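The values are calculated or read from the model by the stated rules, or taken from the named source; none is laboratory data. In this text the structure is predicted, and so the values were computed from the model without any measurement. Neighbour counts are summed over all protein chains in view; Cβ atoms, including those assigned to glycine, are modelled from backbone coordinates with ideal geometry. Heavy atoms of the whole protein, side chains included, go into the accessibility calculation; ligands, DNA and RNA do not. Shrake-Rupley method; radii C 1.70, N 1.55, O 1.52, S 1.80 Å.
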Amino acid sequence: MSDVVAKRNPAVVALGGGHGLSASLSALRLMSDRLTAVVTVADDGGSSGRLRAELGVLPPGDLRMALAALCDDSEWGRTWSSLLQHRFTSEGDLDNHAVGNLLIVALWELLDDPVAGLDWVGKLLGARGRVLPMASVPLRIEADVRTGDALETVVGQSRVAVTHGRIEQLRLVPADPPACPEAVQAVEDADWVVLGPGSWFSSVMPHLLVPELARALHETPARRCVTLNLSSETGETYGLSATDHLEALHKHAPGLRIDAVVADPSAVEDTEQLADAAARMGARLLLRQVRRGDGTPRHDALRLAAAYRDVFDDFLGDVGSRAR
């Protein structure tokens, strides 16, 4: 592939889980069809947690959401996306199960191959990209959380996500899980790797704790972009500034070089401080309005796609000055 074609249709790997990863994928699919989502597999709550406990499978929920985000904006894509996300409401065992979770797990049982199962769901939906688990086994997240003078260990993604203490250290159980080989290869072959937005400790940073995947993220020739969240008003990042988010990332992966940081000005308390923190990781800060116009702390797909295009084209200045 020529450099010009690759630049306009880059190979992009997006890391994360849940609504945050859906936001980045909804933007990235507007600018490339060479997309791979590498998704956390530590969910232990809701429909995913029940299926994981009952069948011993990877939790399918975050994988389902990524597939739904990659559906084309056509009648076919919108219909299948809605079907994947549909949840049953009943007085029985099906209550709150998502159709997509059941579909994914059924294919895993038929094919005995998680990656093949996800690829088949992607074909059914006409997904604009590929969805892969970050590890080949289900994971458990543990966090050391400080509340005042007390330090406690919080176990499980569903509990870490809603903790109101300050998370000081994050761990995975098992500590040395096997990475999904296809995910490692995708990172090694990428032009860009995008981390965030999303639940910082329970969805974004766990990728840096899977040894083989972490090695690939450090050694890949791809450039790396961090997308910051729009709010830290609830849950695991309560009270953390935009700079705190970057510093937490740096603490858990001090050798990871970042090339660009995307942030909405409305979510930045101190622009100079954030720019300095980005520079310490090797990155330039790109301030762009990427929030939806309705006032909710959610990313707008078109605005975020425009920001990513500026990043990928090296237009990181306020007036489009090239970074290099």
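Starting from the Kirkwood Rh over alpha-carbon pairs, what translational D in µm² s⁻¹ does the range 190-309 have by Stokes-Einstein at 4 °C and 1.567 mPa s?
For the chosen part, D equals 89 µm²/s.
How high is the FRET efficiency from L83 to D294, r the C-beta distance, R0 30 Å, rounded to 0.05?
Result of the calculation: an efficiency of 0.70.
Per residue, how big is the convex hull of the chain when only Cα atoms are used? Give it in Å³.
143
Give me the base-10 log of I(q)/I(0) for the range 30-148 at each q in 0.15 Å⁻¹, Debye formula, one uniform scatterer per Cα, rounded to two decimals.
-0.67
Farthest toward the dipole's positive end in the chain, which of S241, A161, V137, given Cβ charges of +1 (Lys, Arg) and -1 (Asp, Glu) about the Cα centre?
Of the options given, the answer is S241.
On average, how much accessible surface per residue is there in the chain, in Å², for a 1.4 Å probe, leaving out ligands, DNA and RNA? List each step's numbers first, then the result.
Working: 14090 Å² over 324 residues.
Per-residue value: 43 Å².
Rg and Dmax in Å for the range 158-258, alpha carbons only: what are they?
Taking only Cα atoms of the range 158-258, I get Rg and Dmax of 13.7, 38 Å.
Using modelled amide H (1.01 Å from N, peptide plane; none on Pro or chain starts), what sits under 5 Å from the amide H of T227, excluding residues fewer than 5 places away?
L195, G196, V262
Find how many whole Å separate the alpha carbon centroid of the range 150-189 from the alpha carbon centroid of the range 194-272.
Their Cα centres are 13 Å away from one another.
Carbon and sulfur: what percent of the range 123-164's accessible surface (1.4 Å probe)? Mind dumping the intermediate values first?
Details: 1020 of 2010 Å².
Its accessible area is 51 percent carbon and sulfur atoms.
Helices from the chain with mean Kyte-Doolittle at least 1.6 and a Cα length along the axis of 30 Å or more, per DSSP H: which? Write out the running numbers ahead of the final one.
Numbers: long enough: none.
Length and hydropathy pass: none found.
Just for the Cα atoms in the range 102-205, what are the lengths along the principal axes, largest first, rounded to whole Å?
Reported extents, whole Å, longest axis first: 51, 33, 25.
Residue by residue, what Karplus-based ³J(HN,Hα) values in Hz, rounded to whole numbers, does the range 171-180 have, using 6.51, -1.76 and 1.60 with θ = phi - 60° and x for Gly and Pro?
Per-residue couplings from phi come out as 9, 10, 10, x, 6, 10, x, x, 6, 5 Hz.
Could you give me the percent of Cα pairs per 10 Å distance bin for the range 115-166, shortest bin first, beginning at zero and ending with the bin that holds the maximum distance?
Histogram of Cα-Cα distances, whole percents per bin: 21, 29, 21, 20, 8, 1.
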